[in-house]
Ligand SMILES: C[S@@+](CC[C@H](N)C(=O)[O-])C[C@H]1O[C@@H](n2cnc3c(N)ncnc32)[C@H](O)[C@@H]1O
């Protein structure tokens, strides 16, 4: 892998100056060509049994070159410089240990926006986009609703809602100060830093306003779900006690006091938790109407709870 540079032009007798010059030339030798780097990187990842080896090699090389993936194929003969090759090597090493690509490139697309991510936050997942989609389907674009995104992480839900709902009042909470720092960075990137209020604290506790809509992708895994694919993401973002139900119990209890009587709650859930979360929801909102939305693989993934607290029926 990344075999030593060709010594074709070097000479043991060369002066320091010319050795430096030769060193520079060697960096631009054929083995640093895009084509060659791509095939070496792909082979290395394949040897490490990374199933997305081809795509990962392309993404990492285009990232270090600061070029698009299309560029790699349009210019297979172009050379990477020495720093870019070192950088690529170190990223490949991390990828070989299964670190997610998003942490290596510090970006993840969510609802057509690019979010900065690092190990302080969960990497946004495609199924979470359904939460945003359902809220946007339900309320008009000029809505002035107060929406609370609980456990905001990278801020992907709150910021996407703020972009699509210019008049809504958006509050985002997280127990992790570090996560809130990442979310604020993303909010500035999308010019909504003044429109989203970020607060640190336990679920709804730091939020003083009456809330119309609560949206939450809470940590819902239990210890038995631990696996090496998720070991790089914050434990606090993934796991909850009581078989992953702890945060649902606490949030729905707090919501029974803080949510406006005709308010709604949108939760991302693990399909196996559906029955238990329905029970918790009805314990706290006995008149609630509950709707379940499936993800693209047909699994029960989103729960919409319409409070109907003051309803007479
Ligand atoms: C599954 S992640 C979701 C992150 C982001 N909303 C997303 O969908 O990508 C859960 C988030 O909840 C936060 N969290 C965990 N316990 C919390 C609590 N008691 N109160 C508020 N936030 C909490 C974690 O720090 C983490 O950022």
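Pairing the Cα long axis of helix 82-96 with the longest principal axis of the chain, what angle in degrees results, from 0 to 90 and rounded to the nearest 10?
50
Considering the alpha-carbon set of the range 45-133 alone, what are its Rg and its Dmax in angstrom?
Using the Cα atoms of the range 45-133, the pair Rg, Dmax is 14.4, 45 Å.
Which distance in Å, rounded to a whole number, links the C-alpha centroids of the range 128-165 and the range 256-313?
Value for the Cα centre distance between the two parts: 17 Å.
For residue 87 and residue 232 in one chain, what is 0.36 nm times their gap in residues minus the Cα-Cα distance, to one decimal in nm?
That works out to 50.2 nm of additional length.
Using only alpha carbons, build the gyration tensor for the range 201-313 and give me the equivalent ellipsoid semi-axes, biggest first, whole Å.
Each semi-axis is the square root of five times an eigenvalue, giving 25, 17, 12 Å.
Test of understanding: in a Gaussian network model of the chain with alpha carbons linked when under 10 Å, which of 269, 293, 214 would top the mean-square fluctuation ranking?
In the Gaussian network model the winner is 293.
Please identify, among 217, 178, 35, the residue showing maximal mean-square fluctuation in a Gaussian network model of the chain using a 10 angstrom Cα cutoff.
35
Quick one: go through the range 196-236 and flag any residue whose amide nitrogen is under 19 Å from the point 7 Å out along the Cα-to-Cβ line of residue 289.
Answer for the range 196-236: 212-215.
Would you calculate the volume per residue, in Å³, of the smallest convex hull containing every Cα atom of the range 138-255? Display every interim value, and only then the final one.
On the way: hull volume 12.8 nm³, N = 118.
Here the figure is 109 Å³ per residue.
How big, on average over all directions, is the shadow cast by the Cα convex hull of the range 79-123, in nm²? Write out the running numbers ahead of the final one.
Working: hull surface 16.5 nm².
Hull-based average projected area comes out at 4.1 nm².
Report, as a whole number in µm² per second, the diffusion coefficient that Stokes-Einstein gives for the chain at 37 °C and 0.692 mPa s using the Kirkwood radius over alpha carbon pairs.
Once the numbers are plugged in, D ends up at 149 µm²/s.
Taking the chain as a Gaussian network, where each spring joins two C-alpha atoms under 10 Å apart, which residue of 66, 205, 264 fluctuates the most?
66
Quick one: helix 129-138 against the long Cα principal axis of the chain, what's the angle to the nearest 10°, folded into 0 to 90?
Approximately 40 degrees, to the nearest ten.
To the nearest 10 degrees, how steep is helix 274-284 against the longest Cα principal axis of the chain, on a 0 to 90 scale?
So the inclination is approximately 40 degrees.
No lab work stands behind these numbers, since they all come straight from the coordinates. This structure is a prediction, so every number in the text was calculated from the model and none was measured. Note that we place each Cβ from the backbone using ideal geometry, even for glycine, and neighbour counts take in every protein chain shown.
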